[in-house]
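The next block holds one structure in the form of C-alpha cells; read it before the comments.
The values are calculated or read from the model by the stated rules, or taken from the named source; none is laboratory data. Worth saying up front: this structure is predicted, and the values here are computed from it rather than measured. In this analysis, Cβ positions are derived from the backbone assuming ideal geometry, glycine residues included, and neighbour counts consider all displayed protein chains.
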Amino acid sequence: MKYAEVSVNAPAAQRQTFSYSIPSELTVNVGQAVYVPFGQKTIQGLVLELTDFPAFEATRDIIGIIDSQPLLSTKQILLAKWLSDYYLSPLFDALALMLPPGFERRVLTTISSTGQEFDISTLTGHQQSLLELLKQKITVRSNEIELLLGKKRASATISQLVELGLIQRTYKLERIKVKTRQVPYIRLVISSGKALEIAENLTKKAPKQASLLNLLSAQSGLISLAEAKSKANCDKTTANALIRKELAKIEYVEVRREPLSRYQIQLSQPLNLTTAQEAVFKPIQSSLRNETSGANSSVFLLHGVTASGKTEIYLQALSETVKLGKRGIALVPEIALTPQTIERFSARFPGRVAVLHSQLSLGEQFDEWQRIRKGEVDVVVGPRSALFAPQPDLGLIIIDEEHEWTYKQHEQSPRYHARDVAIKLAELTGAVVVMGSATPSVETYFHAVKGDYQLLQLPERVVPIENAPLPEVKIMDMREELKAGNRSMFSGQLKQAIEKVLLNKEQAILFLNRRGSATTIECRNCGFVIKCKRCDIPMTYHLTSNLLICHRCNNKMQPPQVCPNCLSRRIRYLGIGTEKLNEEVQLIFPQARLLRWDSDVTQAKGSHQDILNKFRNYEADILIGTQMVVKGLDLPLVTLVGVVIADTSLNLPDFRAGERTFQLLCQVAGRAGRGPSSGKVIIQTYNPEHYAIQTAAKHDYKSFYDMEINFRRQFKEPPFTQLAALIFVHTNDNRCREEAEKMAKHIGEERDSKGIPDLSIIGPAPAFVHRLRGRYHWQIILRGSNLSNFLNNLTFGQGWMIDIDPVGL
Ligand code: ADP
Ligand code: ZN
Ligand code: ZN
C-alpha cells in the first residue's frame with residue numbers, strides 16, 4: 001500500500017480525511033499516529049486506512065511516525081466514524097476521545113528574520129517595531145507579537161514582512177505534555193559484602209558515605225535515590241561520591257503513577273445471589289457466554305430499586321467476563337460521587353481496576369491509559385469518557401444509573417450520549433451491555449418494553465422491606481402553609497422534623513435543585529405555572545426585558561399581574577439558591593452545624609470526598625445541597641431528608657422536567673432510612689397533585705412511566721420522535737437571530753423540496769442560556785426522524801453547534 005487516508009488534527013479538516021503518500025523508508029499501519037504536512041504546517045494525524053490509490057492526485061508525503069504502536073484499533077476507528085456521522089462532529093474530535101491523555105498538541109508559529117538587507121525607512125511603524133523585536137530576540141512566538149500589536153494587526157504585519165522576504169514563519173508542535181515517569185534509583189555495582197567492608201573503612205573519614213553503603217547492602221543493592229537520601233540521612237553529593245568511586249550508579253526506573261493508591265481497600269468475596277438476583281443474572285451470563293442469539297440478546301436494562309443488589313450483579317457479570325478471557329468497562333455518572341463504586345470494584349478485583357477521569361493528574365491518566373492498553377486490568381471504571389479507553393477484548397459494558405444526564409456530553413463536540421455509543425460499541429465488539437437504574441430514563445424503558453433491550457427487574461431490596469423499610473414520604477402543600485400565614489421557606493412539619501433530628505443527635509439532608517433558579521413564575525396560591533400555549537413548557541422570565549419567553553418557539557408575553565388561573569396576586573418568581581437556604585437555616589436553627597455541598601464549593605480535587613467524610617463523621621448536623629447530595633450515599637445517621645422546593649425542577653422549560661423531578665425525588669426518597677431507624681422524607685411543593693411528585697412519593701416507577709409515556713405520545717416528544725438542537729453563537733444578538741432565522745428558512749426549503757412531511761422546525765428562539773461569556777445563543781429545534789441523515793446534507797458555517805438527541809434543552 002502506498003497511500004494513507006489520514007484524519008488530521010486541524011479544525012479546517014472537519015469530517016474529511018486527507019490522502020498522503022507513504023515514503024518507502026516508512027512502515028505505516030492503520031491506527032498509527034503520524035506527522036503530516038498541512039498547508040505550511042506540520043501537524044498530527046491518524047492513519048485510518050491504507051490504499052493503493054490516493055483519493056486526490058497531488059499527495060504529499062507523511063513526514064514521520066509519532067508512536068511505533070498503533071493507537072487505535074480498527075473497531076475504534078469504525079466507532080469514531082459513526083460518532084462523526086451521527087453527531088455531525090469533526091472526525092478528529094471523535095478520534096481524539098480514544099487517544100492517550102495529553103496526546104493532542106497544538107502547532108506553534110515562530111517568526112525569525114531572514115537576514116535580508118532592506119531600507120527600513122520605507123516600512124510602517126508596526127513593521128519596524130516587529131523587526132526591532134527580532135533584533136533583540138532571534139526567534140519570537142507569534143503570540144508575543146500579538147501581545148505587542150494586537151491580534152489582527154500582528155497577523156497583517158507578519159504577512160507583509162513575509163511577502164517582502166524579511167522574515168519567515170516556522171511551525172513547531174508544542175512541547176510533549178506527558179511522558180512515563182522515570183525515577184532515579186541508586187544501585188551498587190559491587191557485591192553487598194564488599195560494600196559492607198568498604199563502609200567499615202569509611203566510618204570515620206566519611207560517615208555519610210558509609211551509612212549509604214550500609215543501606216544499599218541491606219536493600220539488596222537497589223533503592224530509590226529519594227528514599228536513600230532520607231534513610232541514610234545524606235544528600236546528592238554523598239551519592240555522587242560513591243558513583244565517582246565506581247561503587248554505585250544511577251539507574252532510571254519507570255514508576256507508575258497510581259490513582260487508586262488513595263483508597264484503602266479490603267478484599268471482598270462474591271455473595272450468594274438471592275433468588276431474584278439469580279433470575280436476572282442467568283440471562284446476562286448466557287449472553288456473555290454467547291449461548292443466546294437474536295437482536296435484543298446482548299443489551300440489558302436492569303431495573304431495580306435502590307439496594308436491590310444491582311451492583312452485585314455487575315460484579316458477578318464482570319467475573320464471568322474475566323473467566324471467559326475478556327474485560328469490561330463500567331461507567332458511572334460522575335466520578336466524584338462514586339468512590340463507593342470504585343471501592344467495590346477494587347475490593348473484588350484487587351489490582352485489576354483502572355480509573356480514568358479528568359480529576360486525575362495528566363500523568364496518572366497517561367499511566368492508567370497505558371496500563372489498560374497493555375491489557376493489565378479487568379475493568380476500567382470512569383465517567384462517560386471511559387467508554388473510549390483502549391480496553392482490549394471488550395466483553396462487558398456496565399452503565400450504572402443509566403438515567404443520569406451526565407452521560408450526555410453537550411459542552412463540546414462530539415455531543416454524544418454514552419448509552420447510545422455503548423450500544424454501538426457493543427455491536428462492533430460483540431460485548432454485552434448492562435444498564436442499571438432504579439428510575440430508568442423513559443426512552444430506555446420504552447425500548448425495553450418494546451423488546452429492543454431485555455428488561456430485567458429487581459423490585460425488592462436485598463434486605464427485606466420489614467428490616468429496612470422504604471422511608472415514609474410526606475408531601476407538604478405550600479399553598480396551604482401560605483394560607484395559614486406561614487411565609488417562610490419551611491413548612492411547620494419540616495421545621496419540627498429538623499428540630500427533632502437536632503434533639504436526637506441524628507442528621508438531616510436538605511435538598512434544593514437550583515437549576516431553574518429565578519426563571520419561572522408560579523402562583524403561590526394555586527400552584528399555577530405560566531406555560532407556552534404552543535409547547536406546554538414553562539415560559540422563562542427575562543429580567544432585562546421584563547418579558548416571559550418560550551425557549552422553544554420564541555413566543556413572548558408580559559408577565560401577568562394576577563394569576564390567570566385563580567386571580568390571586570401572590571405570583572412569585574421561583575428560585576432560591578443553596579447559599580440563601582444556608583443562611584435561612586442558620587437563622588432558624590442557630591445551634592445547628594451546617595455543611596454545604598454544591599458545585600460552588602467542590603471545585604478542588606477530592607473535595608467531594610472531604611465533605612462526605614465530614615458528614616459521615618458527624619461533624620455536621622445538616623447537609624445542604626443540590627442534586628449531588630442525593631447520589632448513592634450510605635449515611636446511617638440520616639433520618640430526615642427535606643426537599644425544600646420540588647417545583648424548581650418541575651418547572652424547567654424542558655419536556656423532561658417531569659421525568660427529572662421524578663428521578664430526583666425517588667433518589668431522595670431512597671436516601672433516608674438506610675440505618676436501623678427508618679427515615680422520613682418531606683417534599684415541599686406548590687404542585688402537590690402533579691403525577692411526578694405523587695408517584696415518586698409512592699416509589700412507583702410503573703405508574704409514573706405510564707403517565708409520562710402517554711404525555712410523550714400526545715405531544716410527540718421522544719421516544720416518539722427524534723430531536724436535534726441547532727445553536728448559533730455570536731457576539732451580536734441581532735446577527736445571531738438573523739443567522740438562525742436564515743438557517744430555519746433554508747431548512748424549511750430543503751424539507752419542502754425533499755418532501756419530508758414529518759420534519760418540523762421550532763423556533764428560532766433564544767437558547768435557555770441566552771448569553772454566555774459575552775456571546776449570544778439562538779437555537780432551532782428540529783423534530784423528526786433520521787435527523788443526522790438530513791443534516792448531513794446541509795452546510796453549517798462557523799458558529800453553528802449541532803446537538804443530536806439533546807438533553808436539558
Ligand atoms: P444496588 O446496587 O441495587 O443499590 P447493592 O448491590 O449495593 O444494590 O446491594 C445493596 C446491599 O445489599 C449491599 O450492602 C450489598 O452488599 C448487599 N447485597 C447485595 N446482594 C446480596 C446478596 N446476594 N446477599 C447478601 N447481601 C447482598
Ligand atoms: Zn393561582
Ligand atoms: Zn413555545
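Filtered by the rule that a residue be of a type in the set (A, V, I, L, M, F, W, C) and farther than 30 Å from Ala354 by Cα, region 243-267 gives Ile243, Leu247, Ala248, Ile250. Residues considered: Leu502, Leu455, Leu494, Leu510. Of these, the only one that is hydrophobic (A, V, I, L, M, F, W, C), touching an Asp or Glu at 6+ places or on another chain (Cβ under 7 Å) and at pLDDT 85 or above is Leu502. Annotation: Asp536 fulfils all but one of (1) at pLDDT 75 or above; (2) within 16 Å of ligand 3 (Cβ to nearest atom); the unmet one is (1).
Please return the ranges of strands (runs of 3 or more DSSP E) entirely within region 273-389 where 2 or more residues are within 18 Å of the chain's Cα centre (by Cα).
Details: elements: 299-304, 327-331, 353-355, 379-382.
Answer list for region 273-389: 327-331, 353-355, 379-382.
Going by the structure shown, is Asp393 within 22 Å of Glu291 (Cα to Cα) and acidic (Asp, Glu)? Taking the combined requirement at face value, the residue satisfies it.
In region 133-148, is there at least one residue being surrounded by fewer than 16 Cβ atoms within 10 Å (Cβ to Cβ) and among the small types (Gly, Ala, Ser)? No, every residue in region 133-148 fails to be surrounded by fewer than 16 Cβ atoms within 10 Å (Cβ to Cβ) and among the small types (Gly, Ala, Ser). Of all residues in region 309-335, those that are among the polar types (S, T, N, Q) have Cβ atoms under 6 Å from Cβ atoms of residues that are part of a helix (DSSP H, G or I) and more than 12 Å from ligand 1 (Cβ to nearest atom), 6 or more apart or on another chain, in Thr321/Leu288. On the stretch given as region 442-464, residues that are over 23 Å from Glu312 (Cβ atoms) and in contact (Cβ under 8 Å) with a residue 40 or more places away in the chain total 6. In the condition set (1) farther than 30 Å from Ile66 by Cα; (2) touching a Ser or Thr at 6+ places or on another chain (Cβ under 9 Å); (3) surrounded by 12 or more Cβ atoms within 10 Å (Cβ to Cβ), Ser191 is compliant with all but (3).
Within region 378-391, the set of residues being touching a Ser or Thr at 6+ places or on another chain (Cβ under 9 Å) and either modelled with pLDDT under 95 or closer than 23 Å to Gln340 by Cβ (or both) comprises Asp378, Val379, Val381, Pro383, Arg384, Ser385. Scanning region 606-656 for residues that are assigned to a loop (DSSP other than H, G, I, E, B) and either within 24 Å of the chain's Cα centre (by Cα) or modelled with pLDDT under 80 (or both) yields a total of 14. Close contacts from region 134-154, counting a first residue that is over 15 Å from Thr110 (Cα atoms) and a second that is at pLDDT 80 or above and part of a helix (DSSP H, G or I), with Cβ to Cβ under 8 Å and a gap of 6+ residues or different chains, come to Leu149/His126; Leu149/Ser129; Leu149/Leu130; Leu149/Thr157; Arg153/His126.
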